[in-house]
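The values are calculated or read from the model by the stated rules, or taken from the named source; none is laboratory data. Because the structure is predicted, anything quoted here is derived from the model rather than measured. Neighbour counts are summed over all protein chains in view; Cβ atoms, including those assigned to glycine, are modelled from backbone coordinates with ideal geometry.
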Ligand code: ADP
Ligand code: MG
């Protein structure tokens, strides 16, 4: 077994034993960099992940490695910037409503000089596996703005706490370093500012304004798609600020590599510092969020109700807050805590059917794309065109739908999970050298949109 296969095997096992949020945060972008006389060197993207794997997952990693390879004696973690294995997946499932500061401009608490809203702070902010890496980086930035993690690029689906987090960084820096000039701006606002400066024939005032800040926080940067002039301007602003060690913080609903129409030079700058994803909160984090939200009201909530809400309200925190508000309002109206049944009735309309992927449907679509019958994918046929379609199906189920290797194997005709790992790797490797395969897969992906 080569080290790549060894690691993929281990990951597929580790993934089964820990939460999805933990797995994505700490194990994504790891690899085995080398093996030397029984010591496995695991490459990790940064020192946060290094620390974390060592302190929280070392035993699990070592045990799993040994179970696959007898002669493993130890594990070391080293920082290794590999080509990032980014999956566009998260964004595909989450609806992309442009929600630029919906609540911000109306709020009278916003400070006009820096656009910071004091309601976004870390006191009320719940930290869990889904956002703890971003949180750790945020704290390091607060300790030393502009020094180590520049730019800080935080991405994830809507309603997961990006604006809250980056605003809270601004608010905390503001208290800690009163002399520092901080500015929060949405990309859309920035673009409007820029256009106005051109129309008023005063581009220099724009340049001066943005170059004077010590910390720039730019929200929803994905809206830069297709705004060529704004990109140009942002590029120059970025360079000026970066060269003078000014802290730059971006948020986006997707990784820089997946922002459409983003110039290469900006893409590489965005990703040149610290890029961290926030994912959907796991069950325990949802419990913590629900408790925190109720603590800020006077309403006492039954643990049974908390548990019910946490399991019923999956997905994004904004929607979760919406449902909680409904519960709070009702209890205030009735002037009592609601029973579990009352809560159930109240929020039944807010519960979305759980996102389930019908593996069979995906396989059927892929089969029809290749002009073969669905059955042959499940069967043992080894004809090359069928093997290929089967491998592509496994690849897509894994990459785009995050389905575990064992489950894919089981659903695709009872195959062993190592076969699935092998197929996944094979397609991944082939994609590097075969542009037509990439096109095929992109065409298939359109079928699922
Ligand atoms: P995004 O910018 O990612 O779309 P927001 O930052 O606007 O999401 O967050 C949506 C709502 O959820 C806000 O009201 C925010 O205060 C709340 N929220 C987000 N993350 C957390 C968290 N970790 N703890 C508590 N509340 C949170
Ligand atoms: Mg936001």
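Mind counting the residues in the range 240-267 that are under 28 Å from residue 144 (Cα atoms) and either part of a loop (DSSP other than H, G, I, E, B) or touching a residue at least 12 places away in the same chain (Cβ under 8 Å) (or both)? Give the steps one after another, and end with the answer.
Here is the first cut: in the range 240-267, the ones under 28 Å from residue 144 (Cα atoms) are 240-257, 265-267.
Now narrow it down to the ones that are either part of a loop (DSSP other than H, G, I, E, B) or touching a residue at least 12 places away in the same chain (Cβ under 8 Å) (or both): 240-242, 244-257, 265-266.
Matching residues across the range 240-267 total 19.
Within the bounds of the range 144-156, is there any residue that is within 26 Å of residue 294 (Cβ to Cβ), within 9 Å of ligand 1 (Cβ to nearest atom) and crowded, with 16+ Cβ neighbours inside 10 Å?
Our first condition is that a residue be within 26 Å of residue 294 (Cβ to Cβ); within the range 144-156, this holds for 156.
When the remaining residues are screened for being within 9 Å of ligand 1 (Cβ to nearest atom), the result is 156.
Narrowing the set further to residues that are crowded, with 16+ Cβ neighbours inside 10 Å leaves 156.
Checking the range 144-156: at least one residue is within 26 Å of residue 294 (Cβ to Cβ), within 9 Å of ligand 1 (Cβ to nearest atom) and crowded, with 16+ Cβ neighbours inside 10 Å.
Quick check: anything in the range 89-108 away from ligand 1 (no atom under 14 Å from the Cβ), on the phi < 0 side of the Ramachandran plot and at pLDDT 95 or above?
No, the range 89-108 contains no residue that is away from ligand 1 (no atom under 14 Å from the Cβ), on the phi < 0 side of the Ramachandran plot and at pLDDT 95 or above.
Just a yes or no: is a residue in the range 316-334 modelled with pLDDT of 90 or more and outside any helix (DSSP H, G or I)?
yes
Quick check on the range 4-27: of everything there that is modelled with pLDDT under 90 and touching a strand residue (DSSP E or B) at 6+ places or on another chain (Cβ under 8 Å), which residue is farthest from residue 427 (Cα to Cα)?
25
Of the conditions (1) buried (at least 18 other Cβ atoms within 10 Å of the Cβ); (2) touching a residue at least 24 places away in the same chain (Cβ under 8 Å); (3) over 30 Å from residue 323 (Cβ atoms), residue 386 fails just one. Which one is it?
Status for residue 386: all satisfied but (2).
What do you reckon, is residue 235 over 30 Å from residue 331 (Cβ atoms), within 16 Å of ligand 2 (Cβ to nearest atom) and modelled with pLDDT of 95 or more? It would help to see each step written out before you state the result.
On the way: over 30 Å from residue 331 (Cβ atoms): yes; within 16 Å of ligand 2 (Cβ to nearest atom): no; modelled with pLDDT of 95 or more: yes.
Taking the combined requirement at face value, the residue does not satisfy it.
Please work out if residue 49 is in contact (Cβ under 8 Å) with a residue 60 or more places away in the chain, under 22 Å from the mean Cα position of the chain (by Cα) and outside the structural domain of residue 155 (by TED's automatic domain parsing). Let's see the steps before the verdict.
Numbers: in contact (Cβ under 8 Å) with a residue 60 or more places away in the chain: yes; under 22 Å from the mean Cα position of the chain (by Cα): yes; outside the structural domain of residue 155 (by TED's automatic domain parsing): yes.
Yes.
Which of the following residues is at pLDDT 95 or above and under 30 Å from residue 39 (Cα atoms): 142, 79, 61? Show your work before the answer.
Values: 142 fails: under 30 Å from residue 39 (Cα atoms); 79 fails: at pLDDT 95 or above.
After ruling out the rest, the residue left standing is 61.
Considering each of 385, 314 in turn, give the residue that is under 30 Å from residue 442 (Cβ atoms) and not assigned by TED's automatic domain parsing to the domain that holds residue 405. Don't jump to the end; show me each part of the working.
Working: 385 fails: not assigned by TED's automatic domain parsing to the domain that holds residue 405.
One residue alone meets the criteria, 314.
Only one of these is part of a helix (DSSP H, G or I), within 16 Å of ligand 2 (Cβ to nearest atom), on the phi < 0 side of the Ramachandran plot and within 28 Å of the chain's Cα centre (by Cα): 169, 173, 217. Name it.
Values: 173 fails: within 16 Å of ligand 2 (Cβ to nearest atom); 217 fails: part of a helix (DSSP H, G or I).
Sole residue among the options that is part of a helix (DSSP H, G or I), within 16 Å of ligand 2 (Cβ to nearest atom), on the phi < 0 side of the Ramachandran plot and within 28 Å of the chain's Cα centre (by Cα): 169.
Return the residues of the range 176-196 that are in a strand (DSSP E or B) and within 13 Å of ligand 1 (Cβ to nearest atom); say none if nothing qualifies.
184, 186
Just to be sure before I move on: is residue 253 outside the structural domain of residue 49 (by TED's automatic domain parsing) and within 16 Å of ligand 2 (Cβ to nearest atom) in the structure I sent? So that I can check it myself, show each step before the final result.
Values: outside the structural domain of residue 49 (by TED's automatic domain parsing): yes; within 16 Å of ligand 2 (Cβ to nearest atom): yes.
So residue 253 fits the description; yes.
For the range 335-354, name all the residues that are in contact (Cβ under 8 Å) with a residue 24 or more places away in the chain and not in a helix (DSSP H, G or I).
The first filter runs over the range 335-354 and keeps only residues in contact (Cβ under 8 Å) with a residue 24 or more places away in the chain, leaving 337-340, 343-344, 347, 350-352, 354.
337, 338, 339, 351, 352, 354 - these are the residues of the range 335-354 that are in contact (Cβ under 8 Å) with a residue 24 or more places away in the chain and not in a helix (DSSP H, G or I).
With respect to the numbered conditions (1) more than 23 Å from residue 46 (Cβ to Cβ); (2) crowded, with 19+ Cβ neighbours inside 10 Å, which one is the sole condition not fulfilled by residue 228?
All conditions are met except number (2).
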